[in-house]
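Encoded as structure tokens, the structure appears first; notes follow it.
The values are calculated or read from the model by the stated rules, or taken from the named source; none is laboratory data. Since this is a predicted model, take the numbers as computed values, not measurements. Glycine also receives a Cβ, built like all others from the backbone with ideal geometry; neighbour counts cover every protein chain displayed. These area figures cover heavy atoms from the full protein model, side chains too; ligands, DNA and RNA do not enter into them. Shrake-Rupley method; radii C 1.70, N 1.55, O 1.52, S 1.80 Å.
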Amino acid sequence: MPHTLLAAAAAIGVAGSLPCDLDAKSVPWTFAGPAGGYVDSADPLEIASAGAAQALVKVDGAALLATANGGIWRTTSDLTNEKSPKWKPALDGQPVACTSISAMESKGNTVLAGCGGSTSSEMGYDWMVFNGGDWAGVMLSKDGGETWAMTNFPKGYFVTAFVLVSEKQYFAAARAKFDDRDDGGVWATGDAGKTWQRVFGRPVYDLVLAGGALVAAVPWTSDANSAVASRDGGRTWHPFADGVDWDGRAPFYPTFAVSDDTLFLGALTVNPQKFSDTASRVFSRPLSDLQNGGGAWSLIAGQPDRLDVDGMPKDRMALLAFDDDTLYVAGNADALVWRVQWKKGEWTEAHSKDTEDGSLPHSDCRRLYKLGDDAVALLSDGGAFLRSSPAEAGKGQWTSLAGDIQAMEFVSGHWDPQGKRWIGGAQDNDVQVGPVNGTTRALGVVMGDGTVTAVDAKASPPRLFGCTQNLGNFADDDRPGRRRLDDDESYGFGFYQEGKGLVGIPLLDWFDVVQFPFFSQPYALNSVNGTQILLFADDGARAGSKLQKRGLYVIDVPRDVTKPKQIKTPTLEVSTDGAVYDIVAGGATDGKPDASVIVALNDTHLLVRSKATKGALVARPLPTRFARPVIFDYVEGDDGFEYILGPTSHDKTVSLAVSPADSKLVAVTGWTSVVDNSGDERVWVSNDAGESWSDATGDLRAATGTIGAVRPSALLLLPTESGKTALLVGTANGIYGKVLGGDGKWTRVGTCAELPHVLVAGISHEPADDTLVAATMGRGIYVVRGATKALAALE
């Protein structure tokens, strides 16, 4: 059926189908959580975090919060006084194509929002390749975010900033184009987005109207080219970077702040020859220079050596000119928020000891905003936070603005059939477990970037397995200052049971840190024997490590284990010639349960073992070559390994599915490039465990309605109630499916009213109560109860 709001799109001249106008089969998805984000189990103040927030604007009687992959959320709550704001999704049911919101700005009730690389879930080396939604253009609301429509801004750009001059005159900036990392610029419209004209032709990350001039921050360039200005509405531009000195590095995401008489410029900076070599700088310049000419930028004194503690060229610096004397600056990781008396060069950390209760917000900051005369809002990878009395040391506190928001980026999710709740691995936001029989705020049980999850449903209560990046072990616990405590929470990998808590799995008692090179390091729970974990460990361990060979290891975790020391040393199940990116363990062969099943893959081969192979692990070529994940480097010193932070793939580059009814029926998909977005996106199916392959891609791109990448990010093969097999794939526009042996056409599994327009990064099925789980990259966890019957809609 055509979208009921297409008239709104037609009103500004937009034509063509939108993702939620395309055909879909009704499937009864329900939101499973978390509403209100999650609370870290180690946080005594219980400050909730939610999905990454990108921008915040105020309109008449309301506020809008843009999230990285979860669209825009609207509240009429008073953010400075209400402890739990009530949020509603602003884009659901609207004729728009954007969900990965990278920029938003308002003037009165006119609001512009654009798509781009907003998530911190990078997959490649720079600003181009993300686990994100479609770069679909620029959206417009004329009523304070209640209704939206697409403008005619060119599609495929990473939109980074807006300037709204009037109700109809706007400027939009872009960092890059989906297929060209250096194609950015500034565009202007005088007719509310019906037509746009490019007025500047170089990449731009931030754009402000200051001192009567437009000023653009140019990323990844030389000192002399890193800022330009226009005094004539964008018709001509001139250099405005005198005095800028990035100390031999390049600005990654440069940003501005403006006070009554001063312009500030800051950025996290990167050595182009060595991405792990990062730093930061903040400058000031009188606004009068924009009109009078002359003058130069001045480096603000006293600033910390480095506000990019993570050393990853994907994070932002946030600046806020609170008044003429006070600047707030935020970086990433431990460089949270600084209150700067910039004229004096005095920098004070504005969290923890600076507050009355020792509170602090979630790290990895994005934007800072002034809320009234006595509050600051910080947006980060953990959502939105408010600092009361920010100018007074020892007063005020940081509180969460998560309220009941349903925004969270998950890369995996599984179902607890007894507790009727989920476990999920959340980007930058822990391994979380939902409340028993509920959809409200979750509990963070394994701290870090949540990755792979699994459920042992036969245990009582079920054991919910999860790990953080690199199987929880990217930091060497033998190095001074990093001695790991002998407790469950510090292991980064373990299982949670209701009423019993977390039991950690001490991998570094047996392995070395370099043996877990991938951010999403693979492991699987055996589907036939839920007391066995199968994981991949690489070679490269130091002499003296108990387990040094590359291969697939089995860890026996009996159901009566209550302490890490009760878990015995893993055993090498089978050696492998190369790395392994994804694993399935256990299944069915010739119609019978087969605990010996192993199906795994890397960039070139499928690895198969079952009773049909007589216990041998057989390597069979894949139909295409997938990308190798980007990994951290390590250097070995006298006292252990030191990891070198830098770009890293935050999720798997491959996805694997094996039919639970037949281990010979396999599907694969993935990224064929993480260098840029040029990779060929295809889905492949084999009926004979990889001896031959058929291309099942068909009309997937057309069916999803995507402009850039379809992003096939998850796979599931599931027998339906009628005995047929459904193939499901997660995409940038929800889940698509078809029945093998049918007409070959892909159909959306659920309407946008049932499963929102969002990237789906993980799909799983819990057979104990027939529940299908969608782990979305922005809108939390969704489930279908009675899945095998519901999927009959695809037949």
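In the stretch 175-220, how many residues are of a type outside the set (A, V, I, L, M), touching a Phe, Trp or Tyr at 6+ places or on another chain (Cβ under 9 Å) and outside any loop (DSSP other than H, G, I, E, B)?
9
Based on this model, can you work out whether residue 673 counts as of a type in the set (Ser, Thr, Tyr) and part of a strand (DSSP E or B)?
So residue 673 does not fit the description; no.
Among the numbered criteria (1) closer than 22 Å to residue 652 by Cα; (2) of a type in the set (S, T, N, Q); (3) open to solvent by 20 Å² or more (accessible area, probe 1.4 Å), which single criterion is violated by residue 576?
For residue 576, the failing item is (3).
Would it be correct to say that residue 347 is surrounded by fewer than 22 Cβ atoms within 10 Å (Cβ to Cβ) and farther than 30 Å from residue 654 by Cα?
yes
If the Cβ limit is 8 Å and pairs must be 6+ apart or interchain, which residue in the stretch 227-253 that is under 14 Å from residue 284 (Cβ atoms) pairs with which residue that is open to solvent by 40 Å² or more (accessible area, probe 1.4 Å) and among the charged types (D, E, K, R)?
Within 8 Å, the pairs are 241/223; 244/223; 245/223; 245/281.
Are there any pairs, at least 6 apart or on different chains, whose C-beta atoms fall under 8 Å, with the first in the stretch 392-408 and over 25 Å from residue 31 (Cβ atoms) and modelled with pLDDT of 95 or more and the second acidic (Asp, Glu) and part of a loop (DSSP other than H, G, I, E, B), and if so, which?
From residues that are over 25 Å from residue 31 (Cβ atoms) and modelled with pLDDT of 95 or more, the pairs are 394/356; 395/356; 396/356; 397/356; 397/357.
If you take the residues in the stretch 740-795 that are over 26 Å from residue 693 (Cβ atoms), surrounded by fewer than 18 Cβ atoms within 10 Å (Cβ to Cβ) and among the basic types (Lys, Arg), which one is modelled with the lowest pLDDT?
The residue in question is 789.
What residue, of 102, 17, is small (Gly, Ala, Ser), out of contact with any Asp or Glu (no Cβ under 8 Å at 6 or more places or on another chain) and either part of a strand (DSSP E or B) or at pLDDT 95 or above (or both)?
The match here is 102.
Quick test of your reading of the structure: residue 581 fulfils all but one of (1) surrounded by 17 or more Cβ atoms within 10 Å (Cβ to Cβ); (2) touching a Phe, Trp or Tyr at 6+ places or on another chain (Cβ under 6 Å). Name the failing condition by number.
Failing condition for residue 581: (2).
Give the residues of the stretch 376-390 that are over 19 Å from the mean Cα position of the chain (by Cα), outside any strand (DSSP E or B) and crowded, with 19+ Cβ neighbours inside 10 Å, sorted by residue number.
Selection gives 390 alone.
Answer yes or no: is there a residue in the stretch 399-414 that is more than 26 Å from residue 68 (Cβ to Cβ) and of a type outside the set (Gly, Ala, Ser).
No.
Read through the list (1) modelled with pLDDT of 95 or more; (2) out of contact with any helix residue (DSSP H, G or I) (no Cβ under 7 Å at 6 or more places or on another chain), then give the number of the only condition that residue 708 fails.
So residue 708 meets the others, but not (1).
Contact list please: Cβ distance under 8 Å, first residue in the stretch 38-54 and open to solvent by 20 Å² or more (accessible area, probe 1.4 Å), second residue among the aromatic types (Phe, Trp, Tyr), pairs at least six apart or on different chains.
47/385; 47/398
If I go through the stretch 321-335 residue by residue, how many of them are within 17 Å of residue 362 (Cβ to Cβ) and either polar (S, T, N, Q) or open to solvent by 10 Å² or more (accessible area, probe 1.4 Å) (or both)?
Residues that pass the stated criteria total 3.
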